[in-house]
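Beneath this line is the structure, given in structure tokens, with notes to follow.
The values are calculated or read from the model by the stated rules, or taken from the named source; none is laboratory data. None of these values were measured; they are calculated from a predicted model. We place every Cβ from the backbone using ideal geometry, glycine too, and count neighbours over all the protein chains shown. Side chains included, ligands, DNA and RNA excluded: accessible areas come from the protein's heavy atoms. Shrake-Rupley method; radii C 1.70, N 1.55, O 1.52, S 1.80 Å.
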Amino acid sequence: MQNLITAEMIKNRHSFIVLSLWLLPLVTIVLASFLLAEKQVQQAAFNWWYMVMLPIEVALISSCLLENDKKQNYFTLKLTPIPTLKICLAKILTGCSYLLFTNIIMMLLVLGVGSLFGKQLFLGQVLQATILLTVCFAWQIPLGMLLELKLPAIFTLIMMFIVNMFFASQTFAGSKTLWLIPFAIPARLMAAILGINPNGVLLAKNSFLHAKNVIFLGVLLTIALFGIFVVILGHYFKEDKL
């Protein structure tokens, strides 16, 4: 499996996705630093990251993992002696590795601007946010790959971006019940960890969004969704479905 993951990374090493893994976090930090100066730069940068940039990144990752194979009409996959289900899993794990890497880059940049402008977040908060964002967005990688099998890449990108933005809004992620919609979970969990409303405004001291009892359920739901979409994608990755 490690060899297959390495092969996927080598295949993508000259693609835009590798550049975007550090470029999008950098753009987020630069914009937050330029627009907000010393005012809550860390919190604002993280908010913009999981509300706007990370959904774009996940969609790009999903499209990139299948781009070369799709151009060849999956001809290489059909001829390879390696089981296509194993290749499917390797692609998903490669995407998850990219997701973890770009979140780590964002974490390091957030900690860096904290040393420049003053800390608004503790190391523990930033570390928790990085882990939770990786876990709670991972299920969208097999989902995005599934969409990529059926739709042009630009449609996958636009669809995933719009759906994430819509359900991560204050109306859903800031609700007592609607946050259970999967796309709203990351923003809801970040409210509890970072003290930020989905709309970017700092939480009031008495806000129910401070409650951390939602974290376990949110993580459990997104892990379950990851498993479900891996199974569904694996079904479509069979030779007779490609």
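Spatially, the stretch 186-242 and the stretch 157-181 are offset by 10 Å when compared through their Cα centroids. Note on Leu108/Ile232: beta-carbon distance plugged into 1/(1 + (r/R0)^6) with R0 of 45 Å gives a FRET efficiency of 0.85. Per residue of the chain, the DSSP helices (runs of n ≥ 4 H) give a summed -39500 (n - 2.57) that works out to -23500 deg cm²/dmol at 222 nm. Extension gain, Val27 to Lys11, is 3.2 nm, computed as 0.36 nm per intervening residue step minus the present C-alpha separation. Exposure check, 1.4 Å probe, all protein chains in place: Ser115 carries approximately 90 Å² of accessible surface. In order along the stretch 147-161, phi translates into HN-Hα couplings of 5, 5, 5, 10, 10, x, 4, 5, 5, 4, 4, 5, 5, 5, 5 Hz, rounded to whole numbers, per the Karplus curve 6.51 cos²θ - 1.76 cosθ + 1.60 with θ = phi - 60° and x for Gly and Pro.
Quick check: from the Cα gyration tensor, does the stretch 165-221 come out rounded (a/c under 1.5), prolate or oblate? Mind showing how you got there, number by number?
Working: a/c = 1.79, a/b = 1.18, b/c = 1.53.
Oblate, because a/c is 1.5 or more while a/b does not exceed b/c.
Starting from the Cα-Cα distance between Lys212 and Asn68, subtract it from 0.36 nm times their residue separation and give me the gain in nm to one decimal. Mind dumping the intermediate values first?
Numbers: separation 144, 0.36 × 144 = 51.84 nm, distance 4.19 nm.
Contour length minus Cα-Cα distance gives 47.6 nm.
Rounded, prolate or oblate for the stretch 1-146? Axes are the square roots of the Cα gyration tensor eigenvalues, ordered a ≥ b ≥ c, and the cut-off for rounded is a/c under 1.5. Prolate shape, in that a/c is at least 1.5 and a/b is the bigger ratio. Note on Met1 and Asn199: their simple-model spin labels are 4.4 nm apart, each label 7 Å out from Cα toward Cβ. From most to least packed by mean Cβ count within 10 Å, the peptides 119-126, 50-57, 97-104 give 50-57, 97-104, 119-126. When a/c reaches 1.5 or more, the comparison of a/b and b/c decides; with that in mind, is the stretch 87-185 rounded, prolate or oblate per its Cα gyration tensor? Oblate is the answer for the stretch 87-185, as a/c is 1.5 or above yet b/c matches or exceeds a/b. Put a dot 7 Å past the Cα of Ser97, heading toward its Cβ, do the same for Leu180, and the two dots end up 3.7 nm apart. Relative contact order, whole percent, for the chain stands at 25, derived from Cα pairs under 8 Å and 6 or more residues apart.
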